[in-house]
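I have placed the structure first, in the form of C-alpha coordinates, so that the comments after it can refer back to it.
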Amino acid sequence: MSERAVKKATMISGNPAKPLIFFAIPMIVGNLFQQFYNIIDSIVVGNVVGEEALAAVGASTAITMLFVMVAGGTGIGFSVVISQLFGAKQLEKMKTAISTALISVLVFSIILSILGMIINKGLLHLMGTPDNILEDAAAYLQIYFFGFVFLFLYNAFSAIFNALGDSVKPLLFLIFSSVLNIGLDIYFVAKLGLGVPGVAWATLIAQGISAVLSFCFLVKKLYGIKTEEYARYDVSMLKNMVKVAVPTVIQQSIVSVGMLLIQAAVNRFGSTFLAGYTAAVKIDGIAIVPMVAVGNAMSTYVAQNMGARKPERISKGYRICLGLAAGIGLIIAVIFFFCGEQFVGLFLDSETGAEAIAIGAQYLSVVSLFYFVMGTMNVSNGILRGAADMNWFLVCSLANLCVRVGLTYALADVTGGMIIMWANPIGWLVGLVISVIRYFQGGWKTKRLV
(Lines give C-alpha, C1' and ligand atoms only; values in the text may rest on other atoms or scores of the structure.)
Protein backbone atom coordinates (compact mmCIF):
# COMPACT_ATOMS: atom_id res chain seq x y z
CA MET A 1 0.00 0.00 0.00
CA SER A 2 1.48 3.32 -1.06
CA GLU A 3 1.97 6.31 1.22
CA ARG A 4 -0.56 8.21 -0.87
CA ALA A 5 -3.15 5.48 -0.40
CA VAL A 6 -2.54 5.40 3.34
CA LYS A 7 -3.04 9.16 3.59
CA LYS A 8 -6.21 9.04 1.56
CA ALA A 9 -7.65 6.21 3.64
CA THR A 10 -6.69 7.62 7.03
CA MET A 11 -7.80 11.23 6.63
CA ILE A 12 -4.44 12.61 7.73
CA SER A 13 -3.94 15.16 4.94
CA GLY A 14 -5.86 17.88 3.12
CA ASN A 15 -9.24 19.35 3.98
CA PRO A 16 -10.94 16.98 6.47
CA ALA A 17 -14.51 17.89 5.47
CA LYS A 18 -14.91 15.52 2.53
CA PRO A 19 -13.18 12.44 4.01
CA LEU A 20 -14.98 12.89 7.33
CA ILE A 21 -18.41 13.23 5.74
CA PHE A 22 -17.87 10.36 3.31
CA PHE A 23 -16.52 8.22 6.14
CA ALA A 24 -19.40 9.07 8.49
CA ILE A 25 -22.26 8.57 6.01
CA PRO A 26 -21.81 4.78 5.59
CA MET A 27 -21.46 4.45 9.37
CA ILE A 28 -24.73 6.36 9.86
CA VAL A 29 -26.60 4.34 7.25
CA GLY A 30 -25.14 1.08 8.54
CA ASN A 31 -26.09 1.76 12.15
CA LEU A 32 -29.56 2.80 11.01
CA PHE A 33 -29.98 -0.55 9.30
CA GLN A 34 -28.85 -2.30 12.46
CA GLN A 35 -31.47 -0.46 14.49
CA PHE A 36 -34.02 -0.91 11.71
CA TYR A 37 -34.04 -4.67 11.88
CA ASN A 38 -34.25 -4.49 15.70
CA ILE A 39 -37.35 -2.38 15.24
CA ILE A 40 -38.81 -4.85 12.74
CA ASP A 41 -38.45 -7.52 15.44
CA SER A 42 -40.70 -5.47 17.69
CA ILE A 43 -43.18 -4.46 14.98
CA VAL A 44 -43.66 -8.08 13.88
CA VAL A 45 -44.03 -9.33 17.46
CA GLY A 46 -46.30 -6.48 18.58
CA ASN A 47 -48.68 -6.79 15.65
CA VAL A 48 -48.63 -10.56 15.05
CA VAL A 49 -48.35 -11.91 18.61
CA GLY A 50 -49.57 -9.04 20.78
CA GLU A 51 -48.82 -6.45 23.45
CA GLU A 52 -47.48 -8.93 26.01
CA ALA A 53 -45.00 -10.35 23.48
CA LEU A 54 -43.77 -6.84 22.70
CA ALA A 55 -43.36 -6.21 26.42
CA ALA A 56 -41.36 -9.48 26.71
CA VAL A 57 -38.96 -8.34 23.98
CA GLY A 58 -38.79 -4.94 25.68
CA ALA A 59 -37.97 -6.49 29.06
CA SER A 60 -35.09 -8.33 27.37
CA THR A 61 -33.85 -5.29 25.45
CA ALA A 62 -32.01 -3.63 28.33
CA ILE A 63 -30.08 -6.85 29.00
CA THR A 64 -29.27 -7.55 25.35
CA MET A 65 -28.22 -3.94 24.86
CA LEU A 66 -25.80 -4.27 27.78
CA PHE A 67 -23.97 -7.03 25.96
CA VAL A 68 -24.27 -5.31 22.59
CA MET A 69 -22.59 -2.28 24.14
CA VAL A 70 -19.85 -4.48 25.61
CA ALA A 71 -19.28 -5.98 22.14
CA GLY A 72 -19.30 -2.57 20.48
CA GLY A 73 -17.10 -1.03 23.16
CA THR A 74 -14.55 -3.82 22.82
CA GLY A 75 -14.36 -3.28 19.06
CA ILE A 76 -14.18 0.50 19.30
CA GLY A 77 -11.53 0.34 22.02
CA PHE A 78 -9.29 -1.97 20.00
CA SER A 79 -9.86 0.11 16.85
CA VAL A 80 -8.34 3.22 18.45
CA VAL A 81 -4.98 1.49 18.73
CA ILE A 82 -5.32 0.01 15.22
CA SER A 83 -6.19 3.47 13.83
CA GLN A 84 -3.19 5.09 15.49
CA LEU A 85 -0.85 2.37 14.20
CA PHE A 86 -2.33 2.75 10.71
CA GLY A 87 -1.93 6.53 10.84
CA ALA A 88 1.68 6.09 12.01
CA LYS A 89 2.24 3.61 9.12
CA GLN A 90 3.42 0.91 11.54
CA LEU A 91 1.70 -1.74 9.44
CA GLU A 92 3.33 -4.87 10.89
CA LYS A 93 2.33 -3.78 14.40
CA MET A 94 -1.13 -2.93 13.07
CA LYS A 95 -1.60 -6.48 11.78
CA THR A 96 -0.37 -7.87 15.09
CA ALA A 97 -2.92 -5.67 16.87
CA ILE A 98 -5.73 -6.93 14.62
CA SER A 99 -4.80 -10.59 15.11
CA THR A 100 -4.41 -10.16 18.86
CA ALA A 101 -7.74 -8.35 19.10
CA LEU A 102 -9.67 -11.02 17.18
CA ILE A 103 -8.28 -13.93 19.20
CA SER A 104 -9.00 -12.10 22.46
CA VAL A 105 -12.54 -11.20 21.37
CA LEU A 106 -13.26 -14.82 20.42
CA VAL A 107 -12.25 -16.12 23.85
CA PHE A 108 -14.01 -13.30 25.70
CA SER A 109 -17.29 -13.78 23.79
CA ILE A 110 -17.39 -17.52 24.49
CA ILE A 111 -16.99 -16.88 28.23
CA LEU A 112 -19.73 -14.22 28.20
CA SER A 113 -22.04 -16.48 26.18
CA ILE A 114 -21.82 -19.25 28.77
CA LEU A 115 -22.28 -16.77 31.62
CA GLY A 116 -25.30 -15.18 29.94
CA MET A 117 -27.09 -18.49 29.42
CA ILE A 118 -26.61 -19.31 33.11
CA ILE A 119 -27.83 -16.02 34.60
CA ASN A 120 -30.49 -14.82 32.12
CA LYS A 121 -33.59 -15.78 34.13
CA GLY A 122 -32.05 -14.54 37.36
CA LEU A 123 -31.43 -11.15 35.76
CA LEU A 124 -35.05 -10.92 34.64
CA HIS A 125 -36.25 -11.74 38.16
CA LEU A 126 -33.85 -9.20 39.63
CA MET A 127 -35.27 -6.52 37.32
CA GLY A 128 -38.82 -7.24 38.48
CA THR A 129 -40.03 -8.46 35.08
CA PRO A 130 -43.84 -9.01 35.21
CA ASP A 131 -44.79 -12.72 35.61
CA ASN A 132 -47.03 -12.73 32.52
CA ILE A 133 -44.07 -12.07 30.22
CA LEU A 134 -41.21 -13.73 32.14
CA GLU A 135 -41.07 -17.04 30.23
CA ASP A 136 -41.10 -15.41 26.79
CA ALA A 137 -38.40 -12.94 27.84
CA ALA A 138 -36.22 -15.76 29.23
CA ALA A 139 -36.61 -17.84 26.04
CA TYR A 140 -35.59 -14.82 23.94
CA LEU A 141 -32.50 -14.20 26.04
CA GLN A 142 -31.38 -17.85 26.05
CA ILE A 143 -31.22 -17.93 22.24
CA TYR A 144 -29.63 -14.47 22.09
CA PHE A 145 -26.83 -15.49 24.47
CA PHE A 146 -26.24 -18.65 22.47
CA GLY A 147 -25.25 -16.53 19.46
CA PHE A 148 -22.93 -14.15 21.32
CA VAL A 149 -19.79 -15.23 19.47
CA PHE A 150 -21.25 -14.00 16.18
CA LEU A 151 -22.31 -10.69 17.73
CA PHE A 152 -18.87 -9.98 19.18
CA LEU A 153 -16.89 -11.05 16.13
CA TYR A 154 -19.12 -9.10 13.77
CA ASN A 155 -18.66 -5.93 15.85
CA ALA A 156 -14.90 -6.52 15.96
CA PHE A 157 -14.70 -6.96 12.18
CA SER A 158 -16.70 -3.78 11.59
CA ALA A 159 -14.54 -1.79 14.02
CA ILE A 160 -11.38 -2.97 12.26
CA PHE A 161 -12.71 -1.98 8.83
CA ASN A 162 -13.57 1.46 10.24
CA ALA A 163 -10.12 1.77 11.83
CA LEU A 164 -8.59 1.21 8.39
CA GLY A 165 -10.74 4.00 6.93
CA ASP A 166 -13.22 1.65 5.21
CA SER A 167 -16.77 2.29 6.44
CA VAL A 168 -18.43 1.01 3.24
CA LYS A 169 -17.94 -2.74 3.73
CA PRO A 170 -19.50 -2.77 7.23
CA LEU A 171 -22.47 -0.93 5.67
CA LEU A 172 -22.88 -3.58 2.97
CA PHE A 173 -22.73 -6.39 5.54
CA LEU A 174 -25.30 -4.61 7.69
CA ILE A 175 -27.69 -4.11 4.79
CA PHE A 176 -27.41 -7.80 3.95
CA SER A 177 -27.89 -8.79 7.59
CA SER A 178 -30.87 -6.45 8.01
CA VAL A 179 -32.71 -7.70 4.94
CA LEU A 180 -32.07 -11.32 5.92
CA ASN A 181 -33.16 -10.67 9.51
CA ILE A 182 -36.42 -9.05 8.41
CA GLY A 183 -37.21 -11.92 6.04
CA LEU A 184 -36.51 -14.49 8.76
CA ASP A 185 -38.59 -12.48 11.28
CA ILE A 186 -41.64 -12.58 9.05
CA TYR A 187 -41.11 -16.26 8.19
CA PHE A 188 -40.46 -17.51 11.74
CA VAL A 189 -43.10 -15.40 13.53
CA ALA A 190 -45.89 -14.80 10.99
CA LYS A 191 -45.53 -18.00 8.96
CA LEU A 192 -44.28 -20.62 11.45
CA GLY A 193 -45.82 -19.05 14.56
CA LEU A 194 -42.65 -19.32 16.65
CA GLY A 195 -43.46 -16.13 18.57
CA VAL A 196 -40.78 -14.37 20.63
CA PRO A 197 -38.15 -17.18 20.22
CA GLY A 198 -38.55 -16.87 16.43
CA VAL A 199 -37.33 -13.27 16.60
CA ALA A 200 -34.23 -14.33 18.53
CA TRP A 201 -33.42 -17.11 16.05
CA ALA A 202 -33.78 -14.70 13.13
CA THR A 203 -31.25 -12.32 14.69
CA LEU A 204 -28.79 -15.11 15.50
CA ILE A 205 -28.81 -16.55 11.97
CA ALA A 206 -28.48 -13.15 10.29
CA GLN A 207 -25.57 -12.09 12.53
CA GLY A 208 -23.85 -15.45 12.07
CA ILE A 209 -23.84 -15.27 8.28
CA SER A 210 -22.72 -11.61 8.34
CA ALA A 211 -19.86 -12.43 10.72
CA VAL A 212 -18.56 -15.17 8.39
CA LEU A 213 -18.75 -12.86 5.35
CA SER A 214 -17.03 -10.03 7.24
CA PHE A 215 -14.18 -12.34 8.23
CA CYS A 216 -13.60 -13.45 4.63
CA PHE A 217 -13.46 -9.87 3.31
CA LEU A 218 -11.24 -8.68 6.17
CA VAL A 219 -8.71 -11.42 5.47
CA LYS A 220 -8.67 -10.38 1.80
CA LYS A 221 -8.19 -6.69 2.72
CA LEU A 222 -5.33 -7.42 5.11
CA TYR A 223 -3.67 -9.68 2.55
CA GLY A 224 -3.65 -6.69 0.17
CA ILE A 225 -1.64 -4.58 2.65
CA LYS A 226 1.92 -5.76 2.00
CA THR A 227 4.09 -6.06 5.12
CA GLU A 228 6.97 -8.01 6.56
CA GLU A 229 6.31 -10.94 8.89
CA TYR A 230 4.39 -10.03 12.03
CA ALA A 231 3.46 -11.70 15.32
CA ARG A 232 0.01 -13.32 15.44
CA TYR A 233 -0.41 -12.61 19.15
CA ASP A 234 1.34 -10.13 21.39
CA VAL A 235 0.52 -9.81 25.10
CA SER A 236 2.10 -6.36 25.36
CA MET A 237 -0.01 -5.23 22.39
CA LEU A 238 -3.09 -6.62 24.12
CA LYS A 239 -2.25 -4.63 27.25
CA ASN A 240 -1.94 -1.49 25.15
CA MET A 241 -5.34 -2.10 23.52
CA VAL A 242 -6.93 -2.97 26.87
CA LYS A 243 -5.94 0.50 28.14
CA VAL A 244 -8.47 1.91 25.67
CA ALA A 245 -10.85 -1.03 25.37
CA VAL A 246 -11.63 -1.44 29.07
CA PRO A 247 -12.66 2.20 29.68
CA THR A 248 -14.63 2.10 26.41
CA VAL A 249 -16.38 -1.11 27.44
CA ILE A 250 -17.07 0.42 30.85
CA GLN A 251 -18.46 3.53 29.17
CA GLN A 252 -20.64 1.49 26.80
CA SER A 253 -21.66 -0.77 29.66
CA ILE A 254 -22.48 2.24 31.81
CA VAL A 255 -24.99 3.31 29.18
CA SER A 256 -26.59 -0.13 29.29
CA VAL A 257 -26.38 -0.48 33.06
CA GLY A 258 -28.27 2.79 33.16
CA MET A 259 -30.84 1.27 30.80
CA LEU A 260 -31.09 -1.81 33.04
CA LEU A 261 -31.64 0.28 36.16
CA ILE A 262 -34.15 2.51 34.39
CA GLN A 263 -35.84 -0.58 32.91
CA ALA A 264 -36.27 -1.94 36.45
CA ALA A 265 -37.97 1.33 37.40
CA VAL A 266 -40.21 1.16 34.31
CA ASN A 267 -41.22 -2.44 35.10
CA ARG A 268 -42.94 -1.25 38.28
CA PHE A 269 -45.56 0.58 36.22
CA GLY A 270 -46.98 -2.54 34.51
CA SER A 271 -46.98 -4.07 31.03
CA THR A 272 -48.94 -1.24 29.35
CA PHE A 273 -46.43 1.41 30.42
CA LEU A 274 -43.64 -1.02 29.52
CA ALA A 275 -45.04 -1.64 26.02
CA GLY A 276 -45.28 2.11 25.30
CA TYR A 277 -41.82 2.73 26.71
CA THR A 278 -40.39 -0.17 24.69
CA ALA A 279 -41.79 1.19 21.43
CA ALA A 280 -40.50 4.70 22.19
CA VAL A 281 -37.03 3.45 23.15
CA LYS A 282 -36.81 1.44 19.91
CA ILE A 283 -37.58 4.60 17.92
CA ASP A 284 -35.25 6.65 20.12
CA GLY A 285 -32.53 4.09 19.40
CA ILE A 286 -32.85 4.79 15.67
CA ALA A 287 -32.94 8.55 16.22
CA ILE A 288 -29.63 8.74 18.09
CA VAL A 289 -27.76 6.41 15.69
CA PRO A 290 -26.58 9.16 13.29
CA MET A 291 -25.18 11.23 16.17
CA VAL A 292 -23.41 8.20 17.67
CA ALA A 293 -21.96 7.34 14.24
CA VAL A 294 -20.63 10.88 13.77
CA GLY A 295 -18.99 10.61 17.21
CA ASN A 296 -17.37 7.31 16.20
CA ALA A 297 -16.14 8.88 12.95
CA MET A 298 -14.65 11.70 15.01
CA SER A 299 -12.89 9.12 17.19
CA THR A 300 -11.31 7.37 14.18
CA TYR A 301 -10.27 10.72 12.66
CA VAL A 302 -8.65 11.83 15.92
CA ALA A 303 -6.90 8.47 16.44
CA GLN A 304 -5.37 8.47 12.96
CA ASN A 305 -4.19 12.07 13.22
CA MET A 306 -2.77 11.50 16.71
CA GLY A 307 -0.90 8.48 15.33
CA ALA A 308 0.42 10.63 12.47
CA ARG A 309 1.47 13.34 15.00
CA LYS A 310 -0.92 15.90 13.53
CA PRO A 311 -3.11 17.04 16.47
CA GLU A 312 -3.43 20.50 14.90
CA ARG A 313 -5.87 19.02 12.31
CA ILE A 314 -8.35 17.94 14.97
CA SER A 315 -10.01 21.29 15.74
CA LYS A 316 -11.29 21.68 12.17
CA GLY A 317 -12.60 18.12 12.13
CA TYR A 318 -14.30 18.81 15.46
CA ARG A 319 -16.19 21.80 14.04
CA ILE A 320 -17.29 19.77 11.02
CA CYS A 321 -18.58 16.88 13.13
CA LEU A 322 -20.29 19.23 15.59
CA GLY A 323 -22.22 20.80 12.72
CA LEU A 324 -23.15 17.39 11.32
CA ALA A 325 -24.34 15.96 14.64
CA ALA A 326 -26.26 19.06 15.75
CA GLY A 327 -27.91 19.49 12.33
CA ILE A 328 -28.99 15.85 12.16
CA GLY A 329 -30.27 16.02 15.74
CA LEU A 330 -32.42 19.07 15.07
CA ILE A 331 -33.95 17.58 11.90
CA ILE A 332 -34.85 14.31 13.63
CA ALA A 333 -36.23 16.22 16.62
CA VAL A 334 -38.68 18.13 14.41
CA ILE A 335 -39.88 14.90 12.77
CA PHE A 336 -40.38 13.02 16.04
CA PHE A 337 -41.87 15.94 17.93
CA PHE A 338 -44.73 16.25 15.45
CA CYS A 339 -45.07 12.61 14.31
CA GLY A 340 -44.13 10.66 17.45
CA GLU A 341 -47.58 9.12 17.90
CA GLN A 342 -47.61 7.77 14.34
CA PHE A 343 -44.21 6.15 14.82
CA VAL A 344 -45.15 4.54 18.13
CA GLY A 345 -48.42 3.39 16.54
CA LEU A 346 -46.43 1.16 14.17
CA PHE A 347 -45.70 -1.16 17.09
CA LEU A 348 -49.18 -1.57 18.57
CA ASP A 349 -52.80 -1.93 17.60
CA SER A 350 -54.33 1.55 17.68
CA GLU A 351 -57.46 0.36 19.54
CA THR A 352 -56.15 -2.12 22.11
CA GLY A 353 -52.87 -0.30 22.65
CA ALA A 354 -54.06 3.32 22.71
CA GLU A 355 -52.80 4.00 26.23
CA ALA A 356 -49.38 2.51 25.51
CA ILE A 357 -49.12 4.54 22.29
CA ALA A 358 -49.85 7.76 24.18
CA ILE A 359 -47.12 6.99 26.74
CA GLY A 360 -44.56 6.27 24.03
CA ALA A 361 -45.46 9.40 22.06
CA GLN A 362 -45.07 11.57 25.15
CA TYR A 363 -41.61 10.11 25.78
CA LEU A 364 -40.50 10.96 22.23
CA SER A 365 -41.92 14.48 22.35
CA VAL A 366 -39.68 15.30 25.33
CA VAL A 367 -36.47 13.45 24.47
CA SER A 368 -36.41 14.54 20.81
CA LEU A 369 -36.01 18.18 21.81
CA PHE A 370 -32.52 17.39 23.13
CA TYR A 371 -31.07 15.22 20.37
CA PHE A 372 -28.69 18.02 19.33
CA VAL A 373 -27.25 17.95 22.88
CA MET A 374 -26.75 14.20 22.63
CA GLY A 375 -25.04 14.63 19.25
CA THR A 376 -22.58 17.29 20.38
CA MET A 377 -21.79 15.22 23.50
CA ASN A 378 -20.92 12.18 21.36
CA VAL A 379 -18.64 14.19 19.08
CA SER A 380 -16.84 15.75 22.07
CA ASN A 381 -16.47 12.34 23.70
CA GLY A 382 -15.16 11.02 20.37
CA ILE A 383 -12.16 13.33 20.65
CA LEU A 384 -11.31 12.07 24.13
CA ARG A 385 -11.64 8.43 23.07
CA GLY A 386 -9.68 8.88 19.83
CA ALA A 387 -6.87 10.58 21.74
CA ALA A 388 -6.98 7.80 24.38
CA ASP A 389 -7.76 10.34 27.10
CA MET A 390 -9.70 7.58 28.84
CA ASN A 391 -9.92 8.93 32.39
CA TRP A 392 -11.82 12.01 31.27
CA PHE A 393 -13.83 9.96 28.81
CA LEU A 394 -14.92 7.73 31.68
CA VAL A 395 -15.73 10.70 33.94
CA CYS A 396 -18.13 12.05 31.29
CA SER A 397 -19.88 8.69 31.05
CA LEU A 398 -20.16 8.20 34.81
CA ALA A 399 -21.56 11.69 35.31
CA ASN A 400 -24.15 11.04 32.59
CA LEU A 401 -25.16 7.73 34.21
CA CYS A 402 -25.38 9.07 37.76
CA VAL A 403 -27.61 11.95 36.74
CA ARG A 404 -29.98 9.76 34.68
CA VAL A 405 -30.34 6.96 37.21
CA GLY A 406 -30.36 9.26 40.22
CA LEU A 407 -33.19 11.41 38.87
CA THR A 408 -35.18 8.34 37.78
CA TYR A 409 -35.10 6.62 41.17
CA ALA A 410 -35.56 9.82 43.15
CA LEU A 411 -38.62 11.00 41.23
CA ALA A 412 -40.12 8.00 39.36
CA ASP A 413 -42.92 7.29 41.84
CA VAL A 414 -43.70 10.96 42.45
CA THR A 415 -44.03 11.69 38.72
CA GLY A 416 -45.70 8.41 37.72
CA GLY A 417 -42.65 7.51 35.61
CA MET A 418 -42.58 10.79 33.68
CA ILE A 419 -39.14 11.76 35.05
CA ILE A 420 -37.69 9.00 32.84
CA MET A 421 -38.38 11.25 29.85
CA TRP A 422 -36.33 14.10 31.30
CA ALA A 423 -33.49 12.15 32.93
CA ASN A 424 -31.74 11.30 29.64
CA PRO A 425 -31.51 14.89 28.32
CA ILE A 426 -30.23 16.21 31.65
CA GLY A 427 -27.59 13.46 31.75
CA TRP A 428 -26.52 14.29 28.17
CA LEU A 429 -26.11 17.96 29.09
CA VAL A 430 -23.89 17.16 32.08
CA GLY A 431 -21.72 14.83 29.96
CA LEU A 432 -21.42 17.48 27.23
CA VAL A 433 -20.28 20.21 29.63
CA ILE A 434 -17.52 18.01 31.09
CA SER A 435 -16.18 16.85 27.70
CA VAL A 436 -16.18 20.40 26.26
CA ILE A 437 -14.27 21.69 29.30
CA ARG A 438 -11.64 18.98 28.76
CA TYR A 439 -11.41 19.74 25.05
CA PHE A 440 -10.62 23.42 25.60
CA GLN A 441 -8.28 22.62 28.50
CA GLY A 442 -6.23 20.64 25.96
CA GLY A 443 -4.74 17.88 28.10
CA TRP A 444 -5.93 15.24 25.62
CA LYS A 445 -3.29 16.42 23.12
CA THR A 446 -0.48 14.97 25.24
CA LYS A 447 -1.82 11.40 25.24
CA ARG A 448 0.10 8.78 23.25
CA LEU A 449 -0.43 5.08 22.56
CA VAL A 450 1.98 4.50 19.64
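Counting Cα-Cα pairs of the chain in 10 Å increments starting at 0 gives whole-percent bin shares of 5, 22, 32, 26, 12, 3, 0. For segment 277-399, dividing the convex hull volume of the Cα atoms by the residue count gives 90 Å³ per residue. Per-atom-type breakdown for the chain gives carbon and sulfur 68% of the accessible area (1.4 Å probe, protein chains only). Using only Cα atoms, find the angle between the long axis of helix 148-163 and the longest principal axis of the chain, and express it within 0 to 90 degrees, rounded to the nearest 10. With both axes taken from Cα atoms, the answer is about 40 degrees. Selection among Gln342, Leu66, Ser42 by position relative to the dipole of the chain gives Leu66 as farthest towards the positive end (Cβ unit charges, Cα centre). Where the alpha-carbon atoms of segment 70-161 are placed on the principal axes, they occupy 57, 18, 17 Å, in descending order. Highest mean packing comes first when the peptides 387-393, 409-415, 178-184, 347-353 are listed by Cβ atoms within 10 Å, giving 387-393, 178-184, 347-353, 409-415. Measuring r between the beta carbons of Val168 and Glu92 and using R0 = 35 Å, the FRET efficiency lands at 0.85. Relative to its Kirkwood radius, the Cα radius of gyration of segment 155-310 gives an Rg/Rh of 1.03. Here segment 366-443 and segment 88-104 have alpha carbon centers that stand 33 Å from each other. Calculated accessible area for segment 395-448 comes out at 46 Å² per residue, all protein chains present (probe 1.4 Å; ligands, DNA, RNA ignored).
For Lys239, a cut-off of 18 angstrom between C-alpha atoms picks up these lysines, skipping any fewer than 8 places away in its own chain: Lys93, Lys95, Lys447. Expressed per residue, the C-alpha convex hull volume of segment 364-450 stands at 79 Å³. Modelled this way, with points 7 Å down the Cα-to-C-beta line, the labels at Lys447 and Asp413 are 4.1 nm from one another. Dividing the summed helix terms, -39500 (n - 2.57) for each DSSP H run of n ≥ 4, by the number of residues in the chain produces a 222 nm estimate of -29000 deg cm²/dmol to the nearest 500. A straight line joining the Cα centroids of segment 280-338 and segment 186-253 runs 23 Å.
The convex hull around the C-alpha trace of segment 114-218, projected and averaged over every direction, spans 7.5 square nanometres. When the residues Thr408, Thr272, Thr446 are ordered by accessible surface, computed with a 1.4 Å probe over the protein chains alone, the sequence from largest down reads Thr446, Thr272, Thr408.
Summed over the residues of segment 212-358 and divided among them, the accessible surface reaches 43 Å² per residue at a probe radius of 1.4 Å. Tell me, what is the FRET efficiency for Phe337 and Ser315 to the nearest 0.05, using R0 = 22 angstrom and their Cβ-Cβ distance as r? E between Phe337 and Ser315, to the nearest 0.05, is 0.10.
Potential lengthening of the chain between Leu115 and Tyr233 amounts to 39.9 nm, from the contour at 0.36 nm per residue minus the alpha-carbon distance.
The values are calculated or read from the model by the stated rules, or taken from the named source; none is laboratory data. These figures come from a predicted structure and were not determined experimentally. Every residue, glycine as well, gets a Cβ built from its backbone with ideal geometry; the counts of neighbours run over all protein chains shown. What goes into the accessible areas is simple: the full protein's heavy atoms, side chains included, and nothing from ligands, DNA or RNA. Shrake-Rupley method; radii C 1.70, N 1.55, O 1.52, S 1.80 Å.
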